[in-house]
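These notes concern the structure reproduced below.
What follows draws every value from the coordinates through simple rules; no lab data is involved. Here the structure is a predicted model, which is why all the values come from computation and not from measurement. For neighbour counting, all protein chains shown are included, and Cβ atoms are generated from backbone atoms with ideal geometry for every residue, glycine included.
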Amino acid sequence: MIDFSTSNRFVDMSPILIGASNTKKYKCVDSSGQSFFLKAEEVKNPQSFQLFCDMINGLPPFIAPQLIEHGFCNEGAYVLHEWIDGDILQNTFANMGKNVQYKFGLLAADILKKIHRCKPIIGKDAHKDSWGDRYSNIAIRTAYDFISSPNRFYGDNKYLIWLKNSKKLFKERNVSDVFCHFDFSPRNIMVNNDGELRVVDFGSLDKSRRQGGDPYIDFKCIRHGVEHPHFYSGFINGYFGTSPPPIFWRFISLYISLIIFKALNTSVKSKKWSSVKLRVDRAKRYLMTIPEDNSFIPTWYIPPLSQEL
Ligand SMILES: Nc1ncnc2c1ncn2[C@@H]1O[C@H](COP(=O)(O)OP(=O)(O)OP(=O)(O)O)[C@@H](O)[C@H]1O
Ligand SMILES: [Mg+2]
């Protein structure tokens, strides 16, 4: 087992202090001046970690930074990736015009389509119930947790109705599992110095669970659509090759309700009141983009022009 802090493997290791999870991340530089991204995390068993590494190695080329090495260190299991010189897409929007943002949305959609064509990974301890059953149960539980919390807010009833209707919604569409990223967002997409995209952060290194689900779940980032409507519209239009089917928007509202309420319940439980306020404000802001016409199509969404895709 390697101890990177005492081994002479790298001449420099700078911690990357991003993210809420328990992973340790570093930019490492070796004696030849080459940089690497190192991520380490405790994992339950070596087989599930191997499954994660196989998954990353099985991705089509140029989707994610190359996995150079993996193994065990004193901080748990580690992966060593090629270092991407660039920035996360989220940080680059400020320097892009609207058309460029739209084009990057199309590029992100192309990558997501490729990711969704990979074979789903089912870990040893993965749950066996269907995505729809599992998800609607979580939705109902999350709704009840929220009702009994002290954070009811004006408009929350809409979210509660969307969550409570989840069982009905899953009956309307047969969801078969595809390989999903589960946190696909401009915060986990890097733009390298050549303007190419690379996706990072494919979940926990401990792949005891399932890397498969409803492809629509990888659109939950569009809850931030109002901030960058051109990127998110390009992303949606590029993925579907046209406007998405009406049921897409209803599923998105369900998934977004769930993530908003789950995050809110977590902040309440950990008594982080400033984060509760922030999350309530976000929840209200998202509701303002959903019209009263039952279409669930957010007001910021720009449909494709027929000639552009
Ligand atoms: N290969 C890479 N090259 C350069 N920088 C990277 C690379 N991979 C990740 N990063 C940077 O490190 C940051 C954190 O990485 P990552 O998204 O994997 O961790 P995280 O969001 O904290 O996720 P987790 O919740 O799994 O800990 C990214 O936002 C990105 O800025
Ligand atoms: Mg991340």
At q = 0.17, 0.22, 0.26 Å⁻¹, what is the base-10 log of I(q)/I(0) for region 197-282 according to the Debye formula with one equal point scatterer per Cα and no solvent? Please give it to two decimals. -0.94, -1.21, -1.26
Which order do the peptides 5-14, 178-187 come out in when sorted by mean C-beta neighbours inside 10 angstrom, highest first? 178-187, 5-14
Please turn the phi angles of region 21-30 into ³J(HN,Hα) values with the Karplus equation 6.51 cos²θ - 1.76 cosθ + 1.60 (θ = phi - 60°), one per residue in order, whole Hz, x for glycine and proline. 7, 8, 6, 9, 10, 9, 9, 10, 10, 8
Return the distance in nm (one decimal) between the two label points of a simple spin-label model at Ser5 and Asn99, each offset 7 Å from Cα along Cα→Cβ. 5.2
Which lysines does Lys113 reach when only Cα atoms under 16 Å apart count, and residues fewer than 8 places away in its own chain are ignored? Lys103, Lys220
Starting from the amide H of Ile122, placed 1.01 Å from N in the peptide plane, find each other amide H under 5 Å away whose residue is 5 or more places distant or on another chain. Gln211
Using Cα atoms only, what is the angle between the long axis of helix 246-269 and the major principal axis of the chain, expressed in degrees (0 to 90) to the nearest 10? 70
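Would you mind checking the pairs Lys168/Lys271; Lys207/Lys262; Lys119/Lys167 and listing those with alpha carbons more than 30 angstrom apart? Show your work: numbers first, answer last.
Details: Lys168/Lys271 34 Å; Lys207/Lys262 22 Å; Lys119/Lys167 26 Å.
Over 30 Å apart, Cα to Cα: Lys168/Lys271.
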Roughly what would the spin-label model give for Phe240 and Leu278, points 7 Å off Cα along C-beta, in nm? 3.2
For region 112-122, what does the Karplus curve 6.51 cos²θ - 1.76 cosθ + 1.60, with θ = phi - 60°, yield as ³J(HN,Hα) per residue in whole Hz, taken in order and with x for Gly and Pro? 5, 4, 5, 4, 5, 7, 6, 6, x, 10, 10
Reciprocal mean inverse distance between Cα atoms of the chain - Kirkwood radius, Å: 21.0
222 nm [θ] for the chain, helices only, -39500 (n - 2.57) per DSSP H run of 4+, per residue, to 500? -12500 deg cm²/dmol
